[in-house]
Amino acid sequence: MQNKLRFISIVYVILLSVGLFAHVEIIPFLLSTAKRGSWITILLTIVILLESLYWNID
């Protein structure tokens, strides 16, 4: 068995690194900039998500 990097493996590593960068760098910056208003947005997003999941269940 040969140990070669496949294209799909490289794509997965790039996608995981983008998600890690977003959580470590971008999201804390946005939360520190928005201050208290950011929590209202998160709560509204959760409500909208739960409502859309409720109405899409068959």
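The values are calculated or read from the model by the stated rules, or taken from the named source; none is laboratory data. On a predicted model such as this, the values are computed, not experimentally measured, just so you know. Quick note on the areas: whole protein, heavy atoms, side chains included, nothing else; ligands and nucleic acids left out. Shrake-Rupley method; radii C 1.70, N 1.55, O 1.52, S 1.80 Å.
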With a 1.4 Å probe and all protein chains left in place, how much accessible area per residue does the chain have, in Å²? 103 Å²
With a 1.4 Å probe and all protein chains in place, put V24, V11 in order of accessible area, largest first. V24, V11
Of the accessible area of the chain, with the probe set at 1.4 angstrom, what percent is carbon plus sulfur? 73 percent
Compactness index (Cα Rg / 2.2 N^0.38 Å), the chain: 1.78
